[in-house]
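The values are calculated or read from the model by the stated rules, or taken from the named source; none is laboratory data. Since the structure is predicted, the reported quantities are computational estimates derived from the model, not experimental observations. We place every Cβ from the backbone using ideal geometry, glycine too, and count neighbours over all the protein chains shown. Note: accessible area is taken over every heavy atom of the protein model, side chains too, but ligands, DNA and RNA are not part of it. Shrake-Rupley method; radii C 1.70, N 1.55, O 1.52, S 1.80 Å.
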Amino acid sequence: MTIKEYVANKKLALTEEIKGLELKPSFIIMQVNEDEASNAYVRGKLKDAAEVGINCELKKYPLDISEEDLIAEVKKNCADPNVHGLIVQMPLPKHINEEAIKLAVDPRKDIDGFHPLSAMDPCTPKGIINFLKDEGYPILGKNAVVIGRSNIVGKPMAKLLLKESANVTVLHSKTTREDMERYIANADIIVVAIGKAGFLDNTFKYKESAVIVDVGISRIEGKLHGDAIKDLPVKFQTPVPGGVGLLTRLTLLTNLMEAYYKLTK
């Protein structure tokens, strides 16, 4: 099943589930930027929510808002009993500490999964794990390689793969080419998230049974490119676009439902 088909099926099931609820799940997106990539992502979130019957409100704030005032707004929005989830869209203006804002979010309503005490796992790694499991790609005991060690994808991805009892190796900018080739050649699952277009190419060797999950995205001359070139000789490779981004957006909705049930029971 393609990722588009997988996500469409999950959203249909979610729509039916929400139809039977007396109180509709609700979340707020707080945005303090004019970043075009963020605008596109926010539009996607609003569209997804409307499709399945979730209430979603976008609140935009002036770019010169102080960190103190933004924290106060985060806390005020989280205190609303009719709000079950909250997202602070990144990036934030340079004068605002992103970590301080993430820590201001109520962990029970942190559907992005960024708070250290969040009840939810971050959307991108969680969405990838759910897809692999649902589609029958084995994880237990398999060799998993994560390329990239960011706090949003790389590190939580490695953590979730370990939770599923994979043998996990994290490769990064200080890994030698020789070591990288060796680990990739023996990998059953490769998750690449470094933002370098075409980094995984035919100069590496792969297992025919391997799965490549391409998280990276780069825009070159108006076209979107992943961290892997297309059609590598493996069993399955996620496309860019139309791949991990869809899984991330789906998981945001399922994280919201998780928060909703905990807050309303």
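Per 0.36 nm of contour for each residue apart, how much would the distance between residue 177 and residue 80 grow if the chain were fully extended, relative to their Cα-Cα spacing?
Extra length from residue 177 to residue 80 when fully extended: 29.8 nm.
Give me Rg/Rg_expected for the stretch 69-181, where Rg uses Cα atoms only and Rg_expected = 2.2 N^0.38 Å with N residues.
So the Cα radius of gyration is 1.29 times the expected 2.2 N^0.38 Å.
Can you give me the % of accessible surface on the stretch 1-50 that is carbon or sulfur? Probe 1.4 Å, all protein chains present, nothing else counted.
Carbon and sulfur: 58 percent of the exposed surface of the stretch 1-50.
Could you pull the accessible area for residue 30 with a 1.4 Å probe, rounded to 10 Å²?
Rounded to the nearest 10, the figure is 0 Å².
What GluC sites (Glu not before Pro) in the stretch 94-190 are in a loop by DSSP, with at most 13 other Cβ atoms within 10 Å of the Cβ?
135
Starting from the alpha-carbon convex hull of the stretch 142-265, give the projected area averaged over all orientations, in nm².
With every direction weighted equally, the projected area is 8.9 nm².
Normalised by the empirical 2.2 N^0.38 Å for globular proteins, what value does the Cα Rg of the chain take?
Numbers: Rg = 19.0 Å, N = 265, 2.2 N^0.38 = 18.3 Å.
The reported ratio for this selection is 1.03.
Would you mind checking the radius of gyration and Dmax of the stretch 1-137 based on alpha-carbon positions, in Å?
Looking at the stretch 1-137, its Cα Rg and Dmax stand at 15.9, 48 Å.
Quick check on the chain: of the DSSP beta bridges with both residues there, what percent are antiparallel, nearest 5%?
Working: 3 of 31 bridges.
Antiparallel: roughly 10 percent of the beta bridges in the chain.
After finding the eigenvalues of the alpha carbon gyration tensor for the stretch 1-82, what semi-axes result from the square roots of 5 times each, listed largest first in whole Å? Let's see the in-between values first.
Values: eigenvalues 164, 67, 12 Å².
In descending order the semi-axes read 29, 18, 8 Å.
Provide the per residue accessible area, probe 1.4 Å, for the chain, rounded to a whole number of square angstrom.
50
Please work out how much length the chain gains when fully extended from residue 137 to residue 15, using 0.36 nm per residue of separation minus the C-alpha to C-alpha distance, in nm with one decimal.
Full extension of this stretch gives 41.3 nm more.
Distance check, please: which entries in 159/262; 60/133; 10/265 exceed 28 angstrom between their Cα atoms?
In this structure, 60/133 lie more than 28 Å apart at Cα.
Among the aspartates and glutamates, select those whose C-alpha is under 19 Å from the C-alpha of residue 235, and discard any that sit fewer than 8 residues away in the same chain.
5, 134, 135, 181, 188, 201, 208, 214, 227
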